[in-house]
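Notes to accompany the following structure.
The values are calculated or read from the model by the stated rules, or taken from the named source; none is laboratory data. Since the structure is predicted, the reported quantities are computational estimates derived from the model, not experimental observations. Virtual Cβ from ideal backbone geometry, glycine too; neighbours counted across all protein chains shown. Just the protein is used for accessible areas: all its heavy atoms, side chains included, with ligands, DNA and RNA removed. Shrake-Rupley method; radii C 1.70, N 1.55, O 1.52, S 1.80 Å.
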Amino acid sequence: VQLQASGGGLVQAGGSLRLSCAASGIVFSLNDMSWFRQAPGKQRELVAVITSGGLTNYADSVGGRFTVSRDNAKGTMYLQMNSLKPEDTGVYYCYTRIRKVEFWGQGTLVTVSS
């Protein structure tokens, strides 16, 4: 199983970024997928979840600004991030769990300047 995250970068506050997570080695359409992030000096936190059926849930801190989606045909999950704030800075990871085994992508760095 491989999860390849991409799309991070440097953006000014108020800007937007779109992250992608390409999955391989799994039947993508059957798996719930998540985005986590880890800010410098802080614990990793859950940002967004999208179920295999397309239901979504978000951390309170990003609700209304971030949108998670998936393209099962491409085996890819996305995170559209709008109205970015400096506190959104961190490494963003995609994640899935299959039969109690956790899989993490390598992370993509998002830096939001004030």
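Taking the conditions exactly as written (open to solvent by 60 Å² or more (accessible area, probe 1.4 Å), at pLDDT below 95 and farther than 17 Å from Thr108 by Cβ), does Gly25 satisfy them or not? Explain how you work it out, then say what you get.
Values: open to solvent by 60 Å² or more (accessible area, probe 1.4 Å): yes; at pLDDT below 95: yes; farther than 17 Å from Thr108 by Cβ: yes.
So Gly25 fits the description; yes.
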Scan the range 3-17 for residues that are under 9 Å from Ser83 (Cα atoms) and surrounded by 13 or more Cβ atoms within 10 Å (Cβ to Cβ) and report the count. 2
Looking at this structure, is Ser83 touching a residue at least 40 places away in the same chain (Cβ under 8 Å) and in a loop (DSSP other than H, G, I, E, B)? yes
Do we have any residue at all in the range 25-43 that's closer than 15 Å to Ala5 by Cβ, among the polar types (S, T, N, Q) and in contact with an Asp or Glu (Cβ under 9 Å, 6 or more places away or on another chain)? yes
Of those in the range 52-65 that are open to solvent by 40 Å² or more (accessible area, probe 1.4 Å) and within 13 Å of the chain's Cα centre (by Cα), the residue nearest to Phe28 (Cα to Cα) is Thr56
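To keep it simple, each residue is scored yes or no on (1) touching a Cys at 6+ places or on another chain (Cβ under 9 Å); (2) among the charged types (D, E, K, R).
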{"position": "Ile26", "(1), (2)": "no, no"}
{"position": "Ala39", "(1), (2)": "no, no"}
{"position": "Arg44", "(1), (2)": "no, yes"}
{"position": "Gly53", "(1), (2)": "no, no"}
{"position": "Leu79", "(1), (2)": "yes, no"}
Could you list all residues from the range 79-114 that are in contact with a Ser or Thr (Cβ under 9 Å, 6 or more places away or on another chain), under 15 Å from Gly9 (Cβ atoms) and either open to solvent by 60 Å² or more (accessible area, probe 1.4 Å) or of a type outside the set (A, V, I, L, M, F, W, C) (or both)? Gln80, Asn82, Pro86, Asp88, Thr89, Gly90, Tyr92, Thr108, Leu109, Thr111, Ser113
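In this structure, does Thr76 turn out to be touching a Lys or Arg at 6+ places or on another chain (Cβ under 9 Å), open to solvent by less than 40 Å² (accessible area, probe 1.4 Å), under 22 Å from Ser24 (Cα atoms) and not hydrophobic (A, V, I, L, M, F, W, C)? Reasoning before the result, please.
Values: touching a Lys or Arg at 6+ places or on another chain (Cβ under 9 Å): yes; open to solvent by less than 40 Å² (accessible area, probe 1.4 Å): yes; under 22 Å from Ser24 (Cα atoms): yes; not hydrophobic (A, V, I, L, M, F, W, C): yes.
Judged against the criteria, Thr76 is a match.
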